[in-house]
Protein chains: 2
Amino acid sequence: MALMAATQQVKRRATNQGAAVKDALAAEDTFRSAQDVYATLRANGEKIGLSTVYRHLQIFVDDGLADVIHKPDGESTYRLCGDASTTHHHHLVCRSCGKAVEIEGPAVETWADKVAAQNGFTDVNHTVEIFGLCASCAG
Amino acid sequence: MALMAATQQVKRRATNQGAAVKDALAAEDTFRSAQDVYATLRANGEKIGLSTVYRHLQIFVDDGLADVIHKPDGESTYRLCGDASTTHHHHLVCRSCGKAVEIEGPAVETWADKVAAQNGFTDVNHTVEIFGLCASCAG
DNA sequence: CGTCTTATCGGGAATCATTCCCAGTATGAC
DNA sequence: GTCATACTGGGAATGATTCCCGATAAGACG
Ligand SMILES: [Mn+2]
Ligand SMILES: [Mn+2]
Ligand SMILES: [Zn+2]
Ligand SMILES: [Zn+2]
């Protein structure tokens with residue numbers, strides 16, 4: 001069989017580059033771009049390459065440890081999932097500083113599935129992101 | 001005042017390149033990339049440059065005539081709004097062929113605003129897109 | 001511990017969508 | 001018709017992301 005279960009854990013080596021990327025993400029509750037994470041790490045004297053940053057960010061997403069949001073300009077931003085990482089959720093994101101709050105909307109989930117079914121669509125998923133200015137940035 | 005109302009109509013010249021781009025979009029009910037529209041027009045013998053295609057697609061978006069959706073890979077895709085273009089709406093999009101259905105969800109709108117307000121966010125907007133396989137592509 | 005297999009690194013090249021630039025062209029007002 | 005200038009388009013530039021591949025280091029095993 002060529003297809004493995006998506007939840008199959010892959011054996012990974014523990015490297016300090018990987019730890020550094022995770023620490024960088026964990027230090028902020030904001031969605032951050034790969035370029036930004038890379039710049040921060042280098043500024044802190046970390047010895048790491050840009051390719052490696054991209055590699056680990058993608059691994060986190062694959063493992064369900066991080067979420068990715070595409071900014072309007074197309075750039076990908078990443079953030080570690082909170083403690084409630086096991087449940088499906090969405091985000092309320094500050095356009096200015098990137099600060100994000102995990103949100104849930106059961107009603108939205110059922111609505112999305114219903115609308116899709118009514119139109120004959122199957123194998124559905126959805127993206128729901130709310131953007132705005134957080135209290136700090138609004139002042 | 002440096003800021004004009006977003007609804008202010010700008011005077012534009014009628015060019016056949018602009019018409020060609022609009023016709024190309026109107027011919028399909030799918031979200032299509034600038035590159036795709038460009039390739040189609042050239043294949044049809046239209047005399048038009050890639051820059052011009054991007055230019056007009058952006059104009060349509062600015063004028064509220066078209067919607068733009070960013071595919072997971074980050075590429076922007078465009079589609080003319082339907083007759084109900086005056087009302088705020090979202091889309092149910094086929095992952096395979098790009099076919100899109102305009103959908104409305106009043107409950108989602110109020111939910112989004114409420115969640116944002118509860119968390120002290122202002123000047124909010126949101127993206128809600130449902131992806132799946134249309135009936136044709138599912139067979 | 002040493003050795004060995006190989007996953008992981010990382011720097012630079014390559015890709016690719018999108019934007020920029022600007023001299024040439026066509027629109028529409030008068 | 002004339003004219004000011006909005007529009008055009010081809011090529012260069014940008015910038016994020018991916019590729020490539022020889023060098024490095026994690027960790028299994030004895
Ligand atoms: Mn959801
Ligand atoms: Mn909405
Ligand atoms: Zn903020
Ligand atoms: Zn389809």
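The values are calculated or read from the model by the stated rules, or taken from the named source; none is laboratory data. All values derive from a computational prediction rather than experimental measurement. Note: ideal-geometry Cβ built from the backbone for every residue, glycine included; neighbour counts use all protein chains shown.
Do we find that B:His70 is within 16 Å of DNA strand D (Cβ to nearest atom) and at the interface with chain A (Cβ under 7 Å from one of its Cβ atoms) in this structure? Spell out the reasoning first.
Working: within 16 Å of DNA strand D (Cβ to nearest atom): yes; at the interface with chain A (Cβ under 7 Å from one of its Cβ atoms): yes.
Answer is yes for this residue.
Take the range A:122-132 and flag every residue that is of a type in the set (A, V, I, L, M, F, W, C) and under 19 Å from B:Ala107 (Cβ atoms).
Result: A:Val124, A:Val128, A:Ile130.
Might you let me know whether the range A:120-128 holds any residue that is facing another protein chain (nearest Cβ under 7 Å), among the small types (Gly, Ala, Ser) and on the phi < 0 side of the Ramachandran plot?
There is no residue in the range A:120-128 that is facing another protein chain (nearest Cβ under 7 Å), among the small types (Gly, Ala, Ser) and on the phi < 0 side of the Ramachandran plot.
Can you go through A:Phe121, A:Phe60 and tell me which one is hydrophobic (A, V, I, L, M, F, W, C), closer than 29 Å to B:Ile103 by Cβ and buried (at least 19 other Cβ atoms within 10 Å of the Cβ)?
Within the list A:Phe121, A:Phe60, the selection yields A:Phe121.
Out of the range B:70-129, which residues are among the hydrophobic types (A, V, I, L, M, F, W, C) and over 19 Å from A:Phe131 (Cβ atoms)?
Residues satisfying the conditions are B:Leu80, B:Cys81, B:Ala84, B:Leu92, B:Val93, B:Cys94, B:Cys97, B:Ala100, B:Val101, B:Ile103, B:Ala107.
Which condition number in (1) of a type outside the set (A, V, I, L, M, F, W, C); (2) under 11 Å from the mean Cα position of the chain (by Cα); (3) under 16 Å from B:Asn125 (Cα atoms); (4) within 16 Å of DNA strand D (Cβ to nearest atom) is the one that A:Arg79 fails?
The single condition A:Arg79 does not satisfy is (3).
Do you know which residues across the range B:102-118 are surrounded by 13 or more Cβ atoms within 10 Å (Cβ to Cβ) and either farther than 27 Å from A:Phe121 by Cβ or within 16 Å of DNA strand D (Cβ to nearest atom) (or both)?
Of everything in the range B:102-118, just one residue is surrounded by 13 or more Cβ atoms within 10 Å (Cβ to Cβ) and either farther than 27 Å from A:Phe121 by Cβ or within 16 Å of DNA strand D (Cβ to nearest atom) (or both), namely B:Ala116.
For residues that are touching a residue at least 60 places away in the same chain (Cβ under 8 Å) and away from DNA strand D (no atom under 12 Å from the Cβ), tally how many sit in the range A:29-67. If you could, list the steps in order and put the result at the bottom.
Our first condition is that a residue be touching a residue at least 60 places away in the same chain (Cβ under 8 Å); within the range A:29-67, this holds for A:29-32.
Filter again for away from DNA strand D (no atom under 12 Å from the Cβ), leaving A:29-30.
Summing the residues that are touching a residue at least 60 places away in the same chain (Cβ under 8 Å) and away from DNA strand D (no atom under 12 Å from the Cβ) in the range A:29-67 gives 2.
Would you mind listing the strands (runs of 3 or more DSSP E) fully within the range A:29-139 where at least 2 residues are polar (S, T, N, Q)?
Because the criterion is at least 2 residues that are polar (S, T, N, Q), the strands (runs of 3 or more DSSP E) in the range A:29-139 that meet it are A:76-80, A:122-133.
Can you tell me which residue within the range A:73-97, out of those that are within 16 Å of DNA strand C (Cβ to nearest atom) and modelled with pLDDT under 90, is farthest from the other protein chains (Cβ to nearest Cβ)?
Step by step, filter the range A:73-97, then rank; the result is A:Asp73.
Given the condition farther than 21 Å from A:Lys114 by Cα and within 14 Å of another protein chain (Cβ to nearest Cβ), answer yes or no: does some residue in the range B:98-109 qualify?
In the first step, residues of the range B:98-109 are kept if they are farther than 21 Å from A:Lys114 by Cα; the result is none.
No; the residues of the range B:98-109 include none that is farther than 21 Å from A:Lys114 by Cα and within 14 Å of another protein chain (Cβ to nearest Cβ).
Being crowded, with 20+ Cβ neighbours inside 10 Å and either within 16 Å of ligand 4 (Cβ to nearest atom) or more than 20 Å from B:Arg79 (Cβ to Cβ) (or both) is the filter here, so list the residues in the range B:89-98 that pass it.
B:Leu92, B:Val93, B:Cys94, B:Gly98
Those residues that are loosely packed, with under 15 Cβ neighbours inside 10 Å and away from ligand 3 (no atom under 16 Å from the Cβ), I need them from the range B:124-139; list them, please. Give the steps one after another, and end with the answer.
Initial filter on the range B:124-139 (loosely packed, with under 15 Cβ neighbours inside 10 Å): B:125, B:135-136, B:138-139.
Result: B:Ala135, B:Ser136, B:Ala138, B:Gly139.
Give the number of residues within the range B:129-139 that are more than 7 Å from every other protein chain (Cβ to nearest Cβ) and not hydroxyl-bearing (Ser, Thr, Tyr).
Final tally of qualifying residues: 2.
Output yes when any residue across the range B:34-52 is within 16 Å of ligand 4 (Cβ to nearest atom) and away from chain A (no Cβ under 14 Å), and no when none is.
There is at least one residue in the range B:34-52 that is within 16 Å of ligand 4 (Cβ to nearest atom) and away from chain A (no Cβ under 14 Å).
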